[in-house]
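Below is one structure; the comments refer to it alone.
Bear in mind these aren't lab numbers, they're just calculated from the coordinates by the rules spelled out. This one's a predicted model, so the numbers in the text were calculated from it and none came from an experiment. For neighbour counting, all protein chains shown are included, and Cβ atoms are generated from backbone atoms with ideal geometry for every residue, glycine included.
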Amino acid sequence: MKQIKFLFIGILFGIIMTKSEVISWFRIQEMFRFQSFHMYGIIGSAIITGLILVKTIKRNKLKTIYGDSIKFNDKKLSIPRYLFGGIIFGLGWALTGACPGPMFIMIGNGYAVFLIVILSALLGTYVYGLIQHKLPH
Amino acid sequence: MILIDFLSNPWPWFISGPMIALVMFLLLWAGENFGVSSTLRTICSISGASKHSSYFDFDWKSQTWNIIFITGSVIGGFVASTYFQSPESLSISTNTINDLAELGINFNSDIVPSELFNWDSVSTLKGFLIMILGGFLVGFGARWAGGCTSGHAISGLSNLQTPSLIAVVGFFIGGLIMTFLIFPLIFLK
């Protein structure tokens, strides 16, 4: 039952992504063609709000609901994995018009065929796991 | 009624963006980190992939929250499209509509090109590329890059992580190559 809060945060996330139209393939095309401000406004204002929230957490040493200190995922600096992995991701993002979150949210929107996209993404993850040692990181 | 009307109209960017940051904050507050693509790894682990690669051999039980979160997001998608349905259909840039029409992709006010995203299309070349190859690249790339839009663009950049900036630049390089160089090859007859 401790986990039920994640269900509610997830529901909120699904509603936001649907009502902001971020899940739309056409919105992603608009973004990559630089023909609308919509997606840039969303990502930009999310980052600016996020920066303020993260700063506030760090400055005030805010705790989690369990009283632990909030820990962030600091990532180790390297170039190949982020650049090459990012490019592969971008190629796929433009094709499907959906990053991992929207793939799932599209199912809730009634587009059951996105199960195929999710299964393919799982296959991609699986193959990455098999050959990760051969890739530059 | 005013609230329902408000919720039902498409949300402007300056509401949507900060709301996404709020989701990130709520997850941090609950002791976790916002990043959807790690769920893909968790699902592979639960399905037994750890027998084939040590990458999937981790304590996935610590990640069940992510599965619950993504289940919630499916419900959220259902709630939004059923109870807060927009009174008007999606409206996008005329330039985008025209550019896509030149590639033979029609905008009929649905949120995806319905002639490409349907069960019959899965077995066609275009459907295969857009759904199966596209999904594969998203999964492979997100895990290689160690995160997707939520983990890098939102969580990472909010925390001033240089690796995330490199990843987001990569996302755009890939997206632009696909849109401007490869789409014409796939879709132009």
Could you pull out the trypsin sites (Lys or Arg not before Pro) across the stretch A:32-128 that fall in loop regions by DSSP (anything but H, G, I, E, B) with no more than 13 other Cβ atoms inside 10 Å?
A:LYS61, A:LYS71, A:LYS76
Where in chain B are the DSSP H helices whose alpha-carbon span along the long axis reaches 20 Å or more and whose Kyte-Doolittle mean is at least -1.0?
B:13-29, B:64-83, B:162-176
When a/c reaches 1.5 or more, the comparison of a/b and b/c decides; with that in mind, is the stretch B:105-188 rounded, prolate or oblate per its Cα gyration tensor?
prolate
So for the stretch A:38-82, Kirkwood radius off the Cα pairs, Stokes-Einstein at 20 °C and 1.002 mPa s: how many µm² s⁻¹?
166 µm²/s
Debye calculation, C-alpha points only, no solvent: report log10 I(q)/I(0) for chain B at q = 0.10 Å⁻¹, in the same order as the q values.
-0.56
Among A:LEU95, A:LEU115, A:LEU62, the residue with the largest mean-square fluctuation in a Gaussian network model of chain A built from Cα contacts under 10 Å is A:LEU62
Chain A - mean residue ellipticity at 222 nm from DSSP helices (-39,500 (n - 2.57) per run, n ≥ 4, rounded to 500)
-21500 deg cm²/dmol
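Using the scaling law 2.2 N^0.38 Å as the reference, what is the normalised Cα Rg of the stretch B:58-138?
For the stretch B:58-138, the normalised Cα radius of gyration is 1.46.
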Size of electric dipole in the protein assembly as shown: Cβ of Lys, Arg +1 and of Asp, Glu -1, about Cα centre, debye, nearest 20
1240 debye
Going through the DSSP H helices of chain A, which span 20 Å or more along their own axis at the Cα atoms while scoring at least 0.5 as a mean Kyte-Doolittle hydropathy?
A:4-19, A:38-59, A:80-96, A:114-131
When a/c is below 1.5 the answer is rounded, else prolate if a/b is larger than b/c, else oblate, so apply that to chain A with a ≥ b ≥ c taken from the square roots of the Cα gyration tensor eigenvalues.
rounded
Computed over the stretch A:1-48, the Cα gyration tensor eigenvalues, each multiplied by 5 and square-rooted, give semi-axes in Å (largest first) of 27, 12, 7
Checking a compactness column here: for the stretch A:60-137, what do you get for Rg(Cα) / (2.2 N^0.38 Å), N being the number of residues?
1.47
Based solely on C-alpha atoms, express the radius of gyration and the Dmax of the stretch B:1-100 in angstrom.
18.5, 54
So if I take the alpha carbon set of the protein assembly as shown, get Rg, then get Rh from the Kirkwood formula, what is the Rg over Rh ratio?
0.95
Determine the calculated [θ] at 222 nm for chain B from helices alone, applying -39500 (n - 2.57) to every DSSP H run no shorter than 4 residues and normalising by the residue count; nearest 500 deg cm²/dmol.
-15000 deg cm²/dmol
Please name which of A:MET17, A:PHE37, A:ILE87 has its Cα lying farthest along the dipole of the stretch A:10-87 towards the positive end, using unit charges on Cβ (Lys, Arg +1; Asp, Glu -1) and the Cα centre as origin.
A:ILE87
